1. Tell me the residue from 65, 25, 75 that is in contact with an Asp or Glu (Cβ under 6 Å, 6 or more places away or on another chain) and within 23 Å of residue 133 (Cα to Cα), please.
2. If you scan region 304-322, which residues turn out to be within 16 Å of the chain's Cα centre (by Cα) and not aliphatic (A, V, I, L, M)?
3. Quick one: which residue in 82, 91, 16 is farther than 21 Å from residue 148 by Cβ and of a type in the set (A, V, I, L, M, F, W, C)?
4. Is it the case that residue 5 is at pLDDT 90 or above, farther than 19 Å from residue 147 by Cβ and under 33 Å from the mean Cα position of the chain (by Cα)?
5. Go through region 108-136 and give me each residue that's farther than 16 Å from residue 71 by Cβ and either in a loop (DSSP other than H, G, I, E, B) or among the β-branched types (Val, Ile, Thr) (or both).
6. Which one of these does residue 237 not meet: (1) outside the structural domain of residue 194 (by TED's automatic domain parsing); (2) among the hydrophobic types (A, V, I, L, M, F, W, C); (3) not in a loop (DSSP other than H, G, I, E, B)?
7. Restricting attention to region 183-216, which residues are of a type in the set (A, V, I, L, M, F, W, C) and either free of Cβ contacts under 8 Å to residues at least 24 places away in the same chain or assigned to a loop (DSSP other than H, G, I, E, B) (or both)?
8. Could you figure out which of (1) closer than 21 Å to residue 154 by Cα; (2) out of contact with any strand residue (DSSP E or B) (no Cβ under 7 Å at 6 or more places or on another chain); (3) surrounded by 15 or more Cβ atoms within 10 Å (Cβ to Cβ) isn't true of residue 2?
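The values are calculated or read from the model by the stated rules, or taken from the named source; none is laboratory data. No experiment lies behind these values; they were computed from the predicted model shown. Cβ placement follows ideal geometry from the backbone for every residue including glycine, while neighbour counts extend to all protein chains displayed.
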Amino acid sequence: MQHRLQLAGQRPISNVVDISNYVMLEVGQPNHTFDYDLLRQRADGYADGGPVRIVTRLARDGERLTTLDGTERTLRPNQIMVTDPAGSLSVGGVMGGRDSEIGAETLEAAAWEPRSIRRTQRQLGVHTEAGFRFSRGVHPSQALLGARRAAELLRLHAGGTIAEGIVDHYPQPAPDVTVDFDLGYLRHLSGLDLGAEETADLLRRLDFEAEPADDTGKLSVTVPDHRLDIKGPHDLVEEVCRIYGFDRIPSTVLSDVLPPQRGNREQSFEDRVKDTFADLGLQEVVSYRLTTPEAEAKLLLEEAEPPPYVRLANPSTQDRVVSLGAGSRGLEQPLRGPACPVRGRPRVPGAGRRFAARGAAVGRRRAHWSASCRPLAGARRPRRLLRLLRRQGSGRDGPGSPRSDGRVRRARGALGGNRLPCRTHRHCPARGRPGTGRHAR
């Protein structure tokens, strides 16, 4: 048993703790072993000679508990505690308390609400094997199976004596999940033409109960308790294919008519822009849509106003706290660190979504590149911008069309006038011309 636990990444501690961990890995039901002598001693304090009482309740605000790892933790009102009238014993579904360490054993196996366990682990910063399983869902019926299995192993390997009876509080048993499985749906989705008896036999191998529902080729399938992932007939199709063999599924030709192709003007425009930038020697980068204001500030001019950001209420990391707003660039992250794909002076365009807070004025009007003095990719090479604008003229707005020619004329005027969005004077085409006005910095 110790060797198997080591192969599974567990550290053997003692026979009782090892059995608890072994059962968790074997049947998927975490369990906790309490020191009954300690519980009996605590019970004599609140009810001399009375029964041991175990209570689950929500923690009180600011309540403290020292867990098995020796850390004193401050609890919140939305976290579930396992207690007795004398005090707290453990954090339900996550970790036991130091005051309930192992001596003479009492087994406890329970079912916990997954969302509560996920929230508790995140708030306490504690991630355990038991919490990992409970946070993803363990069927309540597995609790009795795990308790019986652990009790038997304690009898065999720890000299334990199993007391008569089980204390089981299960007032609202979860109903059985039954799925009507149409064999025609199986044939349509997978291409397998199987009979009712053959399909039922494949499902019974996985502990499903399958019986013919009627004469229409349907099966009434009862899902085993531990299969929380089975929600409908599409899941049963996958199970049948998995046992039958994906390599045995026949290859068929599509019998339906392909839908007509329809153009996507926005996608086509974006693809042409990316192709043009690539032809001009620029290298596209793909960045996260989340960043920090400090990182974005590195790409703004000193006098530029920072764009409004939409701040995340629950960021996953410290460097993903706000979404990129209108005016953000999102190019700082791809150019940082040893994995940067660009060497030398970066010339990197990027395309992506921008987000604006509800009710904010930003983002309501489509901005034009020539109406701002902010740095623009390619502004140091005005011909690149002219070539890009010519390249976008295709289809309805092809070269020579009024819209395309007007766009190029406006670009020439902007690049030769006082609206050139460049940082310095060195690459400005208007350098040395009188009357061009003040250059943007």
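1. One residue alone meets the criteria, 75.
2. 314, 315, 316, 317, 320 - these are the residues of region 304-322 that are within 16 Å of the chain's Cα centre (by Cα) and not aliphatic (A, V, I, L, M).
3. Going through 82, 91, 16 in turn, the sole match is 91.
4. yes
5. Residues satisfying the conditions are 109, 110, 111, 112, 113, 117, 135, 136.
6. Tallying (1) outside the structural domain of residue 194 (by TED's automatic domain parsing); (2) among the hydrophobic types (A, V, I, L, M, F, W, C); (3) not in a loop (DSSP other than H, G, I, E, B), residue 237 fails exactly one: (1).
7. Restricting attention to region 183-216, the residues satisfying the condition of being of a type in the set (A, V, I, L, M, F, W, C) are 183, 186, 189, 192, 194, 196, 200, 202-203, 206, 208, 210, 213.
Selection gives 192, 194, 196, 200, 206, 208, 213.
8. Result: residue 2 passes all but (3).
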